[in-house]
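Note sheet for the following structure.
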């Protein structure tokens, strides 16, 4: 099991869980099982883009969440960072 420093993925998911009311509630919103979400939170696996975007939607529902996650970085840059990581993981870039 590998863990790394908090990434944009884990920060978005943590904030989304807080806004949603907890891990079980976020699992319902993302339509995933808790063990899978826990692996994403620990940065053991990359969250699939559809689930990540659902989590971003949860965060964007809250001004506080948006400020905590993006801290001035444009959302387009955040999405680009995520898609770049996805491509690298899948052997693309």
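The values are calculated or read from the model by the stated rules, or taken from the named source; none is laboratory data. Keep in mind it's a predicted model, so treat the numbers as computed, not measured. Quick reminder, even Gly has a Cβ in these numbers, built from the backbone with ideal geometry, and neighbours come from all protein chains shown.
Is it the case, given these coordinates, that residue 59 is at pLDDT below 75 and either out of contact with any strand residue (DSSP E or B) (no Cβ under 8 Å at 6 or more places or on another chain) or part of a helix (DSSP H, G or I) (or both)?
Values: at pLDDT below 75: no; either out of contact with any strand residue (DSSP E or B) (no Cβ under 8 Å at 6 or more places or on another chain) or part of a helix (DSSP H, G or I) (or both): yes.
The answer is no for residue 59.
I'd like to know if segment 11-22 contains one or more residues that are touching a helix residue (DSSP H, G or I) at 6+ places or on another chain (Cβ under 7 Å), assigned to a loop (DSSP other than H, G, I, E, B) and at pLDDT 90 or above. Looking for residues that are touching a helix residue (DSSP H, G or I) at 6+ places or on another chain (Cβ under 7 Å), assigned to a loop (DSSP other than H, G, I, E, B) and at pLDDT 90 or above, one finds none in segment 11-22, hence no. Taking the stated definitions as given, is residue 64 modelled with pLDDT under 75, touching a helix residue (DSSP H, G or I) at 6+ places or on another chain (Cβ under 9 Å), assigned to a helix (DSSP H, G or I) and more than 16 Å from residue 10 (Cα to Cα)? When the stated conditions are applied, residue 64 passes them.
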